[in-house]
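The values are calculated or read from the model by the stated rules, or taken from the named source; none is laboratory data. It should be emphasised that the depicted structure is a prediction, and the values quoted were computed from it without experimental measurement. Glycine gets a Cβ as well: all are built from the backbone with ideal geometry, and neighbour counts include every protein chain shown. Areas reflect the complete protein model, heavy atoms only, side chains present, ligands, DNA and RNA absent. Shrake-Rupley method; radii C 1.70, N 1.55, O 1.52, S 1.80 Å.
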Amino acid sequence: MISSKHTIAVVGATGAVGREALAILESRNVPPARLRVTASDRSVGKTIEYAGQKLALVASTPESIRGCDAALFCVSSEVAKRLAPECVKVGCTVVDNSSAFRADPAVPLVVPEVNASELASLSRPCLVANPNCSTILLVVALNPIRRRFGLKRIVVSTYQAVSGAGAAAMDELRQQAADVLAGKPAQPKVFAEPCAFNIFSHNSKVDLDSGLNGEEAKMITESRRIWADKSIEISPTCVRVPVLRAHAEAATITLDKPASEAEVRAAFADAPGVRLVDDRANNSFPTSLKASGGDDILVGRLRIDPTAPREADGRSRHHCVLLSGDQLRKGAALNAIQIADALLR
Ligand SMILES: NC(=O)c1ccc[n+]([C@@H]2O[C@H](COP(=O)([O-])OP(=O)(O)OC[C@H]3O[C@@H](n4cnc5c(N)ncnc54)[C@H](OP(=O)(O)O)[C@@H]3O)[C@@H](O)[C@H]2O)c1
């Protein structure tokens with residue numbers, strides 16, 4: 001567990017994930033003297049607020065990280081690929097939020113609620129990869145179902161917040177919303193499409209042969225890796241929506257064993273990291289705003305797929321689920337901190 005005796009580096013502290021990591025560490029009373037905050041050379045000499053103090057931003061180099069027990073990497077894949085192994089060499093354990101090492105079989109890809117056992121055999125310093133944000137939300141939410149009934153197939157559509165593309169994308173949504181409401185045209189910079197008052201296919205690169213975009217491909221390969229199950233069928237469609245933070249996902253799932261709606265609800269009810277928000281009478285279900293700033297993945301709109309066959313007792317293998325989770329927290333900063341907690345225990 002990260003404690004006041006550990007020194008922690010937040011690499012990329014000025015970004016959307018880095019700032020969230022600092023907010024979580026602050027809420028746990030990690031003293032400012034135990035933090036090192038780094039960013040690009042552009043930010044060196046500037047400061048960042050933490051617990052009422054101004055922390056000096058330093059360059060992201062192995063030397064500035066030397067002496068830290070763990071570094072939470074909140075930078076691009078390109079930077080992580082270059083810097084993370086160097087930081088491990090100077091004795092610092094790295095938890096990397098980027099996609100740089102997620103496909104590397106030598107680097108564990110961990111969601112503590114699902115495969116914390118991967119961390120048990122590691123000796124420090126080491127490098128651990130934090131999975132893709134949409135993937136973390138999906139595997140945490142569906143893990144209790146997979147454990148009780150088995151999961152054969154997931155057809156999932158995502159509704160992804162713009163903050164998944166970083167701090168600049170959040171600024172872009174705020175600016176475009178103001179511009180459009182003032183009667184001015186939206187001016188896209190981070191995204192190719194306007195993001196205010198618009199929905200568009202995820203901005204990651206589309207594979208010309210499969211037609212899958214990068215986010216969809218990650219959901220398939222990373223979920224299979226985390227669950228250690230290559231047979232699970234996953235068909236995602238990933239879309240950006242004009243929301244600042246907290247992705248939502250609507251999934252239709254096929255179970256190995258038939259289950260009643262009540263059994264599925266009960267499986268979600270006592271799952272770690274999951275909170276049921278499923279009030280049909282009041283039409284109250286998970287939303288991005290309800291999930292924003294929270295640690296739990298909200299799950300609701302549970303129902304048997306109306307097109308699916310039912311057994312004589314009403315059970316079915318096909319269920320529908322809506323989930324929402326703050327991808328800056330559980331999809332990135334919080335998951336990374338939970339990994340560091342386990343490694344520093
Ligand atoms: N946003 C999400 O929901 C999310 C979820 C899961 C994973 N991730 C991954 O987490 C990482 C960070 O994402 P983000 O959304 O926080 O991005 P972001 O808001 O764009 O922040 C990027 C950070 O990287 C720093 N940086 C840029 N160039 C650098 C360089 N050459 N050397 C060192 N630092 C540099 C920036 O510092 P300056 O301010 O100085 O430019 C900033 O602190 C990415 O790999 C992303 O894919 C993000």
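From the list ALA169, ALA217, ALA186, the lone residue that is out of contact with any Gly (no Cβ under 9 Å at 6 or more places or on another chain) and either more than 27 Å from ALA336 (Cα to Cα) or assigned to a loop (DSSP other than H, G, I, E, B) (or both) is ALA186. Looking only at the range 227-255, residues that are within 16 Å of the ligand (Cβ to nearest atom), part of a strand (DSSP E or B) and surrounded by fewer than 20 Cβ atoms within 10 Å (Cβ to Cβ) come to 1 in all.
No other residue among THR158, THR135, THR47 is of a type in the set (Val, Ile, Thr) and in contact with a His (Cβ under 9 Å, 6 or more places away or on another chain) apart from THR158.
Just one of the listed residues (LEU119, LEU142) is away from the ligand (no atom under 14 Å from the Cβ), under 14 Å from ALA340 (Cβ atoms), in a helix (DSSP H, G or I) and not hydroxyl-bearing (Ser, Thr, Tyr), and it is LEU119.
In the range 200-214, of all residues being within 19 Å of SER98 (Cβ to Cβ) and assigned to a loop (DSSP other than H, G, I, E, B), the one that is farthest from the chain's Cα centre (by Cα) corresponds to LYS205.
Residues in the range 42-55 that are among the small types (Gly, Ala, Ser) and surrounded by 12 or more Cβ atoms within 10 Å (Cβ to Cβ): SER43, ALA51. When the residues of the range 85-97 are filtered to those that are open to solvent by 10 Å² or more (accessible area, probe 1.4 Å) and without any contact (Cβ under 8 Å) to a residue 60 or more places away in the chain, the one that is nearest to the ligand (Cβ to nearest atom) is GLU86. Of the residues PHE191, PHE197, the single one that is surrounded by fewer than 15 Cβ atoms within 10 Å (Cβ to Cβ), part of a loop (DSSP other than H, G, I, E, B) and at pLDDT 95 or above is PHE197. Would you say THR307 is in contact (Cβ under 8 Å) with a residue 24 or more places away in the chain and either more than 16 Å from the ligand (Cβ to nearest atom) or touching a Gly at 6+ places or on another chain (Cβ under 9 Å) (or both)? No: the conditions fail for THR307.
Out of SER324, SER288, SER292, SER316, which single residue is touching a residue at least 24 places away in the same chain (Cβ under 8 Å), more than 29 Å from VAL17 (Cα to Cα) and of a type in the set (S, T, N, Q)? Result: SER316 is the single residue among SER324, SER288, SER292, SER316 that is touching a residue at least 24 places away in the same chain (Cβ under 8 Å), more than 29 Å from VAL17 (Cα to Cα) and of a type in the set (S, T, N, Q). Scanning the range 108-164 for residues that are in contact with a Lys or Arg (Cβ under 8 Å, 6 or more places away or on another chain) and of a type in the set (Gly, Ala, Ser), we see that the one that is surrounded by the fewest Cβ atoms within 10 Å (Cβ to Cβ) is GLY150.
Table: residues versus (1) more than 16 Å from the ligand (Cβ to nearest atom); (2) touching a residue at least 12 places away in the same chain (Cβ under 8 Å); (3) not in a strand (DSSP E or B).
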| site | (1), (2), (3) |
| --- | --- |
| SER3 | yes, yes, yes |
| THR14 | no, yes, yes |
| VAL17 | no, yes, yes |
| ALA33 | yes, no, yes |
| ILE48 | no, yes, no |
| LYS54 | no, no, no |
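When GLY293, GLY273 are checked against the criterion of being within 16 Å of the chain's Cα centre (by Cα), surrounded by fewer than 18 Cβ atoms within 10 Å (Cβ to Cβ) and outside the structural domain of ALA23 (by TED's automatic domain parsing), a single residue qualifies: GLY293. I want to confirm something. Restricting to the range 56-84 and keeping residues that are touching a strand residue (DSSP E or B) at 6+ places or on another chain (Cβ under 7 Å) and in a loop (DSSP other than H, G, I, E, B), which single residue is surrounded by the most Cβ atoms within 10 Å (Cβ to Cβ)? Among those residues, the one meeting the criterion is CYS74. Residues that are under 25 Å from the mean Cα position of the chain (by Cα) and within 9 Å of the ligand (Cβ to nearest atom) within the range 59-79 comprise SER60, PHE73, CYS74, VAL75, SER76, SER77, GLU78, VAL79, listed in sequence order.
Across the range 9-41, which residue is surrounded by the most Cβ atoms within 10 Å (Cβ to Cβ) among those that are among the hydroxyl-bearing types (Ser, Thr, Tyr) and in contact with a strand residue (DSSP E or B) (Cβ under 6 Å, 6 or more places away or on another chain)? Filtering the range 9-41 for residues that are among the hydroxyl-bearing types (Ser, Thr, Tyr) and in contact with a strand residue (DSSP E or B) (Cβ under 6 Å, 6 or more places away or on another chain), the one surrounded by the most Cβ atoms within 10 Å (Cβ to Cβ) comes out as THR38.
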